[in-house]
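The values are calculated or read from the model by the stated rules, or taken from the named source; none is laboratory data. Treat the numbers as computed from the prediction; the structure is a model and nothing was measured. Please note: Cβ atoms are built from the backbone with ideal geometry, for glycine as well, and neighbour counts cover all protein chains shown. Remember, those area values only see protein heavy atoms, side chains included, never the ligands or the DNA or RNA. Shrake-Rupley method; radii C 1.70, N 1.55, O 1.52, S 1.80 Å.
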Amino acid sequence: MRKPIPAPASTSATDPKSTGSRLKISPARALRGDVQHNAATHGHTMYQGRLHGALAHRLGVDILRGTFKSGEILPNEIESSSKLDISRSAYREAIRILAAKGMVESRPKTGTRVTERERWNLLDPEVLGWMFETEPSQDFIKSLFELRLITEPAAAELAATRRTEAQIEQMRSALEIMKRETLQSETGRRADLDFHHALIQATCNEALASLSSSIEAAVSWTTRYKARHNALTRDPVPDHERVFEAIERRDASGARWCMESLIRMAHEDTQRTFSQ
């Protein structure tokens, strides 16, 4: 089962006493002593299970933003858990999440240190989502499109020779939704991801399929990024239709060319947002 692409994260919640509400102010500030929480008011015990994920998210965003820089030691467990009104186990679990993504490392006596950027798992779908909560650089955006240019045209070429009729129908269905709902809507963007997912699965290549969640996250966040301020200036659905038609007729070289064209056009669309 594929992992869902994380939606744009929000630290607010419907329940004002929820974990998200308590973390509306960045834990980085709380960890530095700017915020005090009242445990009696918030009934913190029942929220510990959700809090470690919310804290990992907040700290992850702050690391990506540069609030905590590579090489910097995070405030210690006792100080942090006390100021954030969370259990030490919840804080430790948040640190474990970040360590699994290569963003921090803990050592006896020295504490938890933010690692060098080259060690961060930037293709982790959750980390990609955190990255787009900051203002990603043009170089980072470019690197995502370069990754897509390396993988997706080859995937389309393989899919054209290996796809099943069921996978063709999955792609056709996703395209119909994209045309009807447009990529300005959440439903349309979800269908876009379904299209790319079905295409990668159609390669029948287990190694490529293992990259699908990262590729889909790159597609998702760059699409959201393009539409963040203004409506999309160009409809990308016809580009997807050309890829689909080549795969449907088993035209491997045509599928590769159409997918490469789709990605290059999407990159140009995204570059235009930097001047808006």
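What to note about this one:
- Its convex hull of Cα atoms gives the range 180-223 a direction-averaged projected area, equal to a quarter of the hull surface, of 2.9 nm².
- Cβ-Cβ FRET estimate between Ile150 and Ala100, R0 fixed at 22 Å, reported to 0.05: 0.30
- Length released on extending from Ile73 to Ser87, taking residue separation times 0.36 nm less the Cα-Cα span: 3.0 nm
- Taking Leu158, Leu262 and ordering them by how much accessible surface each has at a 1.4 Å probe, largest first, produces Leu158, Leu262.
- Rounded, prolate or oblate (a/c below 1.5 giving rounded, otherwise prolate when a/b exceeds b/c) for the range 126-228 by Cα gyration tensor: oblate
- When nucleic acids and ligands are ignored and a 1.4 Å probe is applied, Thr161 ends up with an accessible area of around 80 Å².
- Ordered by solvent-accessible area of protein heavy atoms (1.4 Å probe), largest first, the residues Cys204, Cys258 come out as Cys204, Cys258.
- Accessible area of the range 65-157 divided out per residue, in Å², using a probe of 1.4 angstrom: 48
- For the range 73-201, the share of accessible area belonging to carbon and sulfur comes to 50 percent (1.4 Å probe, ligands and nucleic acids excluded).
- Accessible surface ranking for Thr112, Thr67, 1.4 angstrom probe, highest first: Thr67, Thr112.
- Heavy atoms of Lys69: accessible area, 1.4 Å probe, square angstrom to 10: 130
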